[in-house]
Structure formats: C-alpha cells, structure tokens
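Here's the structure we're looking at; comments come further down.
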Amino acid sequence: MGKKILSFLFVAYTFVLGINTYANNMIEKDKVINVPIQKILRFIDTKEEYGKSCEEYSYISPGQRLKLLKQNNFMFGDILSEALSISSVDPDHLVETNLTECNIQDMHVSEYKYSETLEYLNEDIVTIEVFQYSYGAGAAHGNGHISHYIYDREYGMELNWNDFFGKSEAFDRYVLNRVVKEIADEDFITYFKASTQLFNFRKEGYFAIIDKGLLIQYGKYEITPGSSGLPSIVVPKEVLKQYMTKEMYETCFGTKDQMIMES
C-alpha cells in the first residue's frame, strides 16, 4: 500500500504539542469512548542543500488504540502492532521552533505530514483513516495519499476483503464496473498499461467501512492523472446488503449510530 507515495527519511527535532484533539465516539446510549489524538511536530536542519525539513504527526498511540478493544488486556492484535512508529532523532540536527504545524510553503524545506482519524466506530469494528502528505525540497509539488484500515474490536485483528464479502465474483464485478464508469481514466490506463491497478480495491488500505457504506479509495496516479487527485466511490448500504451475509452486515451497520467529533 502506498506504492505511489515518495519515501522521505527525515530526522528531526521533536516538539510535543500535547493532547489537544479528541475523538468522542458514541457507540451506544450513555457510553462514550474518548480517544485522544497525540500530536508531534519536529524540525531539523542538516546544514546541507535542501537539508531543512518539517514533520508533523497526529496519531492514536498504542495505549489509546488499546482502549478501542473489548478485550483490553489483549496485546497482540494488528491494531496495536500496526501503530505508528516514529524514527529516532539525531541530536546534532535539532532545531527549536515555535511552529504548530508544517505549513511552511517554502520550496527549500521538505515537509511530511501524517494524520490518523477515527473514521468509523461501532460495537464490533473500527475504521482508522491514515492521511499522508510529502513534499521534497525543490520539487514542483507534493503528493498526498489516503488509506483506511478496519479492525474487529474483539481482539483488534485487521479485516480484509474476503472477511466482508467472501469470494463473491458478482460483487467484485459490481465494484469494478462502477470504478471503470465513474472514476477511472481510460486514456491514462491504456497509455500507462495500468489496468491491473483497477483491482486494487480488494487490497487492505483501499477500502473502508464508513457511515454511508463502503468507501473505495484509490491513490494518486493509479487509475487517473495526478490532476484528478485521489479518486473514490461509495457503495451504499442498500447495495452492500445484497452481497454481505446477514451476520456481517449487522456487524458493520446493525448497531446504534455512532458519532465522531473533534474538539
């Protein structure tokens, strides 16, 4: 996942801004899970050409991810092992700054932003959205990417396409037809021989259970030119009900409505 995203190795000064963002998730009446979003910003200067860089992270710590599980003493679920790991800092490159976000807009400074959001939460599953943006100093423009990861709340195991839809070729054809008709660029796919990328929707990170149904999210330059941004479609619940088992549909949507807010 993230094949089209440039990999930047930044070493930077860590400035912890503290916990100032909260996701309040209503999963049933009078029961609220408060999961703080931790924020870190760091800036470095290696004194080399294009050696200045800024990194910004907003993420759910392993301890807070643990709160999302019903079995909160279970330590080996994917939701914990896939928690963000931030590289260490070279003390010689530390630069103090009063920045609160990496929005420098300076072509001589590299930027990297990483942000996690609780996209969906009910009694049985949780969807975490991951947004990444990278800009290399001197480049013409930066690149953004969005991916999603779905976990069961019993033991925090990541759920894949087959968990939701089995090996239903009919549903695969339904999604593929919508992708081709609604968001794919035929000329781009033909020129770059990118037809295999159309099937990425089955891969982890490319799909998500959300309040409206099933989100299919592609990356930049995968099935469209970069000017098209990050193409996506949503499969509504009434369609999903035709392809999911009754048990799985209730797991995804049968509980009380949830509310996610940030403050």
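The values are calculated or read from the model by the stated rules, or taken from the named source; none is laboratory data. Treat the numbers as computed from the prediction; the structure is a model and nothing was measured. Here the Cβ is made from the backbone with ideal geometry for all residues, glycine too, and neighbour counts use every protein chain on show. Just the protein is used for accessible areas: all its heavy atoms, side chains included, with ligands, DNA and RNA removed. Shrake-Rupley method; radii C 1.70, N 1.55, O 1.52, S 1.80 Å.
Miscellaneous remarks
- In terms of its C-alpha gyration tensor, the stretch 106-261 has an oblate overall shape, because the principal axis ratio a/c (a ≥ b ≥ c, square roots of the eigenvalues) is not below 1.5 and a/b does not outweigh b/c.
- Cross-link check: pairs LYS67/LYS167; LYS67/LYS241; LYS167/LYS237; LYS39/LYS70; LYS39/LYS237; LYS47/LYS113 evaluated at a Cα-Cα cut-off of 28 Å; pairs beyond the cut-off: LYS67/LYS167; LYS67/LYS241; LYS39/LYS237.
- Global form of the stretch 142-207, assessed from the alpha-carbon gyration tensor, a/c cut-off 1.5: oblate
- Protection proxy ranking, peptides 222-230, 63-71, average beta carbon neighbours within 10 Å, highest first: 63-71, 222-230
- Approximate spin-label separation ASN103-LYS203, in nm, with each point projected 7 Å along Cα-to-Cβ: 3.2
- What the stretch 78-182 shows is 48 Å² of accessible area per residue, with the surface traced by a 1.4 Å probe over protein heavy atoms.
- DSSP-defined beta bridges in the stretch 55-143 - what % are antiparallel, rounded to 5: 75
- Inter-label distance, VAL234 to GLN71: 3.3 nm, where each label sits 7 Å from its Cα along the C-beta direction.
- Cut-off 10 Å between beta-carbons: net charge of the residues surrounding ASP124, Lys and Arg +1, Asp and Glu -1: -2
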